[in-house]
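The values are calculated or read from the model by the stated rules, or taken from the named source; none is laboratory data. Please read all numbers here as calculations on a predicted model, not as lab measurements. All Cβ positions, even for glycine, are placed from backbone atoms using ideal geometry, and neighbour counts span all protein chains on display.
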Amino acid sequence: MAGELEFEKPVIELRKKIGELKEFTKNTDVDLTSEIDKLEARLEKLESEIYENMKPWDRVQIARHPSRPTTLEYISLLFTDFFECHGDRSFGDDEAIVGGIAKFHGYPVTVIGHQRGKDTKENIRRNFGMPHPEGYRKALRLMKQAEKFKRPIICFIDTKGAYPGKAAEERGQSEAIARNLFEMAGLKVPVICVVIGEGGSGGALALGVGNYIHMLENSTYSVISPEGAAAILWKDSTLAKKAAETMKITAPDLKGLGIIDEIIPEVKGGAHKDVAQQAKYMDKILKDSMSELLAMSEDALIDQRYEKYKAIGEYSFPNEFIGVK
Amino acid sequence: MLKELFTKTKKKKYATIPSEAAKQDVPEGIMTKCPNCKKIMYTKELNKNCKVCIQCGYHHQMDSAERIKSFLDAGSFRELDREMVSGNPLGFPEYVEKLEKDREKTGLNEAVVTGLGSVNGYDVSIAIMDATFRMGSMGSVVGEKITRAIEKADELSVPFIIFTASGGARMQEGVLSLMQMAKTSVALKRFSDNGGLIISIMTHPTTGGVSASFASLGDYNLAEPGALIGFAGRRIIEQTIREDLPEDFQTSEFLLKHGQLDAVISRVDLKEKIAGILEIHQPGGTFEWQEN
């Protein structure tokens, strides 16, 4: 199978061997059924050993898997009547972000997400899912439109980060991200964010100020890529594996830190192994979140978002408080 | 012996040429050399000019204490949350030691000083980032102190002024530092919706997560001349696009040219200009009109 990952090789090799034995049994008179049964039992054990004890770096590999499902795949499986809207009305259409209107179980919503490509050609078109300012401004335009028509907003986060380029800086990458954080804070409609792949820094957060932040089990969310962190902190980007552990970037880590709300379980071995099943897992949590948030008033939604972010941070006053209050 | 004293001293055997190091060696503290135009001037004179080079206008780095002195009315500053210190949420190796070292070096508890003060008599809530502490990087404490200063401005209905100086997010606090971008922006939004006035003054350097949050969210976005302001690092961009960037890339002047700033203002004029903006935001004036 293409795109197998280093840590799951034992599983894949064993599976291959079982396949070979089955083929052999079919074509000859030698009966190996008992052998096969034994091996299959071993495979099951091995699978649970490997997939249930994944290290942060293993999850990074899954989050970056070339066939990992993208925003548009989830949109096609979770929503109906999707109508894609293009352009920021000022500069252009950034295809690293997609968005539009759709129905979720019959309920009108706006859905927005980073969009990676799955092959080189599409990745070039999508700029590897790394947006320019016009991408964020398109997203904001669609959010404001959703607010006008009182539609809940669902954001899928999947980017290595905002694009670091000359044109991006000229057009105000910083301002575009900052503006989204600011405006998302005040949206009068429910906002649900789901990290589906890599959640890279400010470029991810710019679609990530919501009432609920969920993460797929094998997605990551971080202030900097493990490679970048290793380069800055230890001047050695090959220490990325160590950085992935130290920086606490996996869904279980972030749940532990109180940053995210729910971990959406993934199918064994990662979402790419069964997208349809993965969409079902996601559907359940989205439905729960939607019904909770739709019961809230506009003010309550804004207040909930305020309190949510206000609570993040670790600090203390070990000495006597001497400032004015 | 005595005779020797009156005889002409012997010719020096060696010519003494002042070494390069000695030439550079300006008595510490008394004189300062401008790194831009190389002019050597009295530190006192430089300080009197808001640490702006008297010859070329180069803006020397200013720490928070100097900023308070030069920008706020004398004796008006009252600090908030001075004793707030960071935890080590990720259990990051050596982080606690690094913080301790910077505390000793700077006399500050964190990379931002917040408080209340006045500018030509106008009360403001103010946050001043200090790049001498951990490069002004934003962790939990920086985010929380700035948020509290915004909330204070909201509570007292006074403008919020922020001087930014930061390398960006604080790596050692990982995603918690990223979330401070959201926290401060959410607070600014509430303040803004309540009619609050936000003035952001970007100073050297304002990059990464700080530039992509509160620094860019002023009703007025201003900058000191020659400051480095941008989202991504210059080297990363050069590596990504594989071409050389213009000399003035990501400077205040570059941002002004590209429509990202309201104005670039010399530090020497800053207080007066800001006071002017504050003045315009005061209620007042008389205007008579006739109803039809």
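Things to note:
- Residue count for segment A:49-71, restricted to those that are of a type in the set (A, V, I, L, M, F, W, C) and more than 14 Å from A:Q278 (Cβ to Cβ): 4
- Subset of segment A:208-251 [among the polar types (S, T, N, Q), farther than 22 Å from A:I312 by Cβ and in contact (Cβ under 8 Å) with a residue 40 or more places away in the chain]: A:N218
- Evaluation of A:A243 against (1) crowded, with 24+ Cβ neighbours inside 10 Å; (2) touching a strand residue (DSSP E or B) at 6+ places or on another chain (Cβ under 6 Å) (one fails), failing number: (2)
- All conditions in (1) surrounded by 24 or more Cβ atoms within 10 Å (Cβ to Cβ); (2) more than 9 Å from chain A (Cβ to nearest Cβ) hold for B:E247, with the sole exception of (1).
- Residue among B:T114, B:T147 that alone is of a type in the set (S, T, N, Q), facing chain A (nearest Cβ under 7 Å) and either surrounded by fewer than 23 Cβ atoms within 10 Å (Cβ to Cβ) or over 17 Å from B:S211 (Cβ atoms) (or both): B:T147
- Search result, residues across segment B:250-260 that are buried (at least 18 other Cβ atoms within 10 Å of the Cβ) and either among the β-branched types (V, I, T) or at the interface with another protein chain (Cβ under 7 Å from one of its Cβ atoms) (or both): B:Q250, B:T251, B:Q260
- Qualifying residues in segment B:150-191 (those that are more than 7 Å from chain A (Cβ to nearest Cβ) and within 20 Å of A:A204 (Cα to Cα)) - the one nearest to the chain's Cα centre (by Cα): B:G167
- Taken together, the residues in segment A:102-131 that are more than 18 Å from the chain's Cα centre (by Cα) and closer than 16 Å to A:I153 by Cβ amount to 7.
- Enumeration of residues in segment B:215-244 that are among the polar types (S, T, N, Q), at the interface with chain A (Cβ under 7 Å from one of its Cβ atoms) and in contact with a Ser or Thr (Cβ under 7 Å, 6 or more places away or on another chain): B:S216
- For A:G270, the conditions (1) in contact with a helix residue (DSSP H, G or I) (Cβ under 9 Å, 6 or more places away or on another chain); (2) at pLDDT 95 or above all hold with the exception of (2).
- Sole exception among (1) farther than 20 Å from A:G208 by Cα; (2) out of contact with any Pro (no Cβ under 8 Å at 6 or more places or on another chain); (3) of a type in the set (D, E, K, R); (4) outside any helix (DSSP H, G or I) for A:K121, by number: (4)
- Taking helices (runs of 4 or more DSSP H) as the structural unit, those lying wholly within segment A:211-325 and holding at least 1 residues that are facing another protein chain (nearest Cβ under 7 Å) correspond to A:226-234, A:240-246, A:251-256, A:298-310.
- Top-ranked residue in segment B:40-82 [being more than 14 Å from every other protein chain (Cβ to nearest Cβ) and of a type in the set (F, W, Y); ranked as nearest to B:H204 (Cα to Cα)]: B:Y58
- Taking segment A:67-83 as the range and being surrounded by 13 or more Cβ atoms within 10 Å (Cβ to Cβ) and either in a helix (DSSP H, G or I) or of a type outside the set (S, T, Y) (or both) as the test, the residues that pass are A:R68, A:P69, A:T71, A:L72, A:E73, A:Y74, A:I75, A:S76, A:L77, A:L78, A:F79, A:F82.
- Each residue in segment B:150-166 was checked for being surrounded by 24 or more Cβ atoms within 10 Å (Cβ to Cβ) and either of a type in the set (D, E, K, R) or free of Cβ contacts under 8 Å to residues at least 40 places away in the same chain (or both), and 1 pass.
- Given (1) surrounded by 14 or more Cβ atoms within 10 Å (Cβ to Cβ); (2) in contact with a Lys or Arg (Cβ under 6 Å, 6 or more places away or on another chain), index of the condition B:Q55 fails: (1)
- B:G121 meets each of the listed conditions (1) within 13 Å of chain A (Cβ to nearest Cβ); (2) at pLDDT 95 or above apart from (1).
- Filter pass, A:D93 being in contact with a His (Cβ under 6 Å, 6 or more places away or on another chain) and modelled with pLDDT of 95 or more: yes
- Subset tally (residues that are over 26 Å from A:T250 (Cβ atoms) and either in a loop (DSSP other than H, G, I, E, B) or not hydroxyl-bearing (S, T, Y) (or both)) for segment A:15-57: 24
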